[in-house]
Amino acid sequence: MNELLSIEWLKIKTYKTFWVLIGCFALLLPTWNYGIANGFMKIGSGDLNIVSQAYSFSNVWQNLGFWTSIFVVFISILIIILTTNEYQFRTNRQNIIDGWKRLEFYHAKWLLVFVLSVFTIVYVFLIGLIFGLSYGSISDFPGNISFLFFTWILSLNYYSFSFLLALLLKKSGITIGMFFLYSMILEALLSKGINWWSHSIAGNFLPLQCSDELLPFPLLDMVKRLANMSDSVVSIWYVLASFGWIIIYYLLGRKKLLKSDW
Amino acid sequence: MAKLSLLKIIPLDSVLKVQGISKAYGTIQALSDVSFSVPAGCVFGILGPNGSGKTTLLGILLHVLQSDSGNYSWFNEMPSDQARQQIGSLLETPNFYHYLSAWDNLKIAARIKRLINPDIDFALKTLGLYDRRNSTFQTFSLGMKQRLALASALLGKPKILVLDEPTNGLDPNGIAEIRDLIESLHQQGITVIMASHLLDEVEKVCTHVAVLKKGNLLLSGKVDEVLRSTDQIEISARDLNALSAVLKHAKGILQIEQVGDRLLLQCSEQTKPQDVNEYCAQNGIFLSHITWKKKSLERKFMELINENQTN
């Protein structure tokens with residue numbers, strides 16, 4: 001396992017695109033949140049800035065988690081590029097010719113996906129710690145930290161989804177296009193459509209949506225809580241659904257790689 | 001003494017056995033029921049025109065393509081991934097990470113091959129790329145890319161080298177260098193399996209050959225047996241029918257074909273024109289014309305290919 005990961009590391013450690021995208025994520029996520037916390041990025045109208053209240057412990061994890069769910073696209077794109085590169089350079093074939101089993105190639109990339117999701121969550125934890133200490137008191141630590149766990153699930157879901165998409169489509173341009181089309185437009189249409197048509201919340205359980213449900217927009221969530229109309233579905237079902245989809249991605253990708261020509 | 005003679009009769013093991021491999025892309029049959037084996041230490045050429053299935057065959061043997069049926073084994077049933085780690089390969093185009101340096105690319109290949117002590121510098125020096133070891137792959141010319149791929153194939157001193165059109169894209173100098181390299185590897189006892197559409201290349205470099213045509217293996221064996229240039233003798237006489245009847249019983253004449261008012265004879269190697277002349281005279285027929293035609297290898301190759309087209 002270490003061997004697979006260290007070979008993956010050799011492939012990316014001097015790759016500029018890797019550092020640029022990781023840098024975008026690492027710089028923009030705290031800057032964005034700093035802006036909101038200090039009121040120069042306003043979510044709300046006029047002088048009202050509700051979200052800025054949410055950077056003390058207890059709420060910081062949900063708040064950061066929500067914004068992370070947007071900034072994970074940088075790392076999703078990174079995973080798409082790293083995967084489609086293998087097809088474009090035909091190094092996927094070369095890795096096999098040089099002596100990897102097909103599953104070793106597959107698992108090396110899965111390990112990378114996993115490590116990037118762990119990186120995401122460790123990084124979010126550190127930022128959360130700094131914000132929490134700056135805007136609140138340590139006595140409230142850790143607060144609502146289950147949202148940190150949800151953030152990890154969401155990042156793993158997004159990363160493995162983009163990995164599967166890249167395996168299926170093989171070309172970076174079309175994969176990135178499809179990723180945005182699906183994650184930003186298609187899935188929203190589908191999930192709202194299914195909910196409306198079936199008079200249920202079945203649409204919330206679509207591949208990426210089920211993880212998004214774990215990290216709702218904090219403002220909306222607050223209003224809902226105030227109005228006592230919180231969603232009746234407990235988070236555990238969304239957690240299970242997310243893991244279910246991740247396992248499905250794994251199995252689909254595995255089947256595709258073992259059966260097809262490279 | 002007894003021991004020595006025992007050693008002598010043990011045949012050279014084959015390093016690769018291919019049995020009944022077939023593969024179709026949709027309705028196109030890329031390979032049908034191909035079987036052959038590659039003896040250790042030979043230079044084995046897979047010869048065929050473009051589109052005959054050479055690359056598909058090598059792709060299957062290196063596990064990047066799936067065959068529809070049939071099987072193969074390297075080094076007597078060694079697991080395929082372990083075998084591949086001991087095979088140096090160059091398939092179609094050089095495949096490397098464009099943004100990595102030559103050295104880093106070879107490092108990755110060496111790690112995947114699980115080489116404990118890969119002499120990357122030596123491989124780069126052998127192919128004359130050592131000065132450019134820190135340049136990224138994307139800055140290389142086509143010839144340099146091809147040489148880097150060969151350097152990668154030579155990492156860890158493989159027992160077998162698999163090369164697909166190794167001289168593709170090289171200048172005449174480069175081609176000569178590659179041929180010398182293959183020759184010296186052969187001298188060191190390394191088995192080389194190479195695909196080529198160049199008859200001339202196979203004839204110069206290979207000891208064994210398999211001829212592929214539209215996915216069918218036409219024949220395989222030693223180069224001097226398969227591609228031996230047989231001679232033809234062209235003769236004529238007043239009564240062609242009588243001549244033909246007489247020759248049917250002659251030794252050393254393999255085939256008789258009438259071309260216009262002449263007969264074209266395929267003869268065995270020992271049969272020379274004077275033998276034919278003498279034989280006809282002894283049987284009461286005097287030749288009005290006799291010529292000895294040396295058949296070129298190209299002609300032989302074309303014949304092989306065309307023969308099977310009509311069947």
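Points to keep in mind about this one:
- P(r) histogram, all alpha-carbon pairs of the protein assembly as shown included - 10 Å bins from 0, percent: 3, 14, 19, 17, 14, 11, 9, 6, 3, 2, 1, 1, 0
- Per-residue SASA entry for residue A:237, accessible area with 1.4 Å probe, Å² rounded to 10: 150 Å²
- Note on chain B: with neighbouring protein chains present and a 1.4 Å probe, carbon and sulfur make up 51 percent of its accessible heavy-atom surface.
- Model label sites at residue A:28 and residue B:188, defined 7 Å from Cα along the beta-carbon direction, differ in position by 5.1 nm.
- With the helix formula -39500 (n - 2.57) applied to DSSP H stretches of n ≥ 4, chain B reaches a computed 222 nm mean residue ellipticity of -10500 deg cm²/dmol.
- Tilt relative to chain B, helix B:102-112 - C-alpha long axis, 0 to 90 degrees, to 10: 80 degrees
- Note on chain A: helix-only mean residue ellipticity at 222 nm, from DSSP H runs of 4+ residues weighted -39500 (n - 2.57) and normalised by residue number, equals -24000 deg cm²/dmol.
- Contact order, relative form, for chain A: 24 percent (alpha carbon pairs under 8 Å, 6 or more residues apart, mean separation divided by residue count).
- Of the DSSP H helices in chain A, those with a Cα length along their own long axis of 20 Å or more and a mean Kyte-Doolittle hydropathy reaching -1.0 comprise A:16-37, A:60-88, A:102-135, A:146-169, A:235-259.
- Interface between chains B and A: roughly 2800 Å² of accessible area buried, both sides summed (probe 1.4 Å, protein heavy atoms only).
- Whole-number D in µm²/s for chain A (Stokes-Einstein; Kirkwood sum over Cα pairs; 25 °C, 0.890 mPa s): 125 µm²/s
- To the nearest ten degrees, helix B:273-282 and the longest principal axis of the Cα atoms of chain B are 20 degrees apart.
- For region B:28-159: Kirkwood Rh in Å [reciprocal of mean 1/r, alpha carbons]: 16.3 Å
- Using Cβ point charges alone (K and R +1, D and E -1), the dipole size of chain B about the Cα centre works out to roughly 640 debye.
- Placing A:147, A:163, A:180, A:40 in order of accessible area, with the largest value first and a 1.4 Å probe, yields A:40, A:180, A:147, A:163.
- Mean separation of Cα contacts under 8 Å, 6 or more apart, over the residue count of chain B: relative contact order %: 19 percent
- Ordered by solvent-accessible area of protein heavy atoms (1.4 Å probe), largest first, the residues B:144, A:178, B:78 come out as A:178, B:78, B:144.
- Accessible area in square angstrom per residue, chain A, 1.4 angstrom probe: 46 Å²
- Note on residue B:72: accessible area is roughly 60 Å² with a 1.4 Å probe, heavy atoms of protein only.
The values are calculated or read from the model by the stated rules, or taken from the named source; none is laboratory data. Small disclaimer: the values here were computed from a predicted structure and weren't measured. In this analysis, Cβ positions are derived from the backbone assuming ideal geometry, glycine residues included, and neighbour counts consider all displayed protein chains. Please note that ligands, DNA and RNA were not included when accessible areas were found on the heavy atoms of the full protein model with its side chains. Shrake-Rupley method; radii C 1.70, N 1.55, O 1.52, S 1.80 Å.
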